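Here you go, one structure.
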Amino acid sequence: MHARRRWAAGAATAILTSALFVAASPSAFAAPTGCTYGLDTQTRGAWSLCTSGTGEHRIRVLQRHFLPEVGLIPIEGPWQPAGTVSYTGITPHTTVSIWVETRG
């Protein structure tokens, strides 16, 4: 009889431990959505904002230096959670591309 109790106690412990790990694991991230961005050449800044989701986003800008031998200038803002603005300064060079990068 004691063997059955020990087995039952061991099985219950294993089940509770498994349930605890599942409950303690972080929830799945969903890549941000509802993203917009802006570029202000007057203040030399670029920003992005994603309004929903639980992941992160950042603004990305690609510029071309006025000296051809220098080439392209990649610029990126800091990773920010959805609902928070990612902002970065930009150079006075020609903007080739601007986009929002997300990760979930």
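None of the figures in this text is laboratory data; all of them are computed from the coordinates on show. Just so you know, these numbers come straight off a predicted model, no measurement behind them. No Cβ is skipped: glycine too gets one built from the backbone with ideal geometry, and neighbour counts run over all protein chains shown.
So, with +1 on the Cβ of K and R and -1 on the Cβ of D and E, and no other charges, what is the size of the charge dipole of segment 33-103 about its Cα centre, to the nearest 20 debye?
Values: 5 positive and 5 negative charges, 6 e Å.
I would put it at about 20 debye.
While we're on this one: Taking the beta-carbon count within 10 Å as an exposure proxy, list Ile90, Ile98 from fewest neighbours to most.
Ascending number of Cβ neighbours within 10 Å: Ile98, Ile90.
Shifting gears a bit: Amide H of Gln63: which non-local residues (sequence gap of 5 or more, or other chain) have their own amide H closer than 5 Å, using H built in the peptide plane?
Ile73, Ile75, Val96
Given H placed on each backbone N at 1.01 Å, which residues far from Ile90 in sequence or on other chains put an amide H within less than 5 Å of it?
It is Gly45, Ala46, by chain and number.
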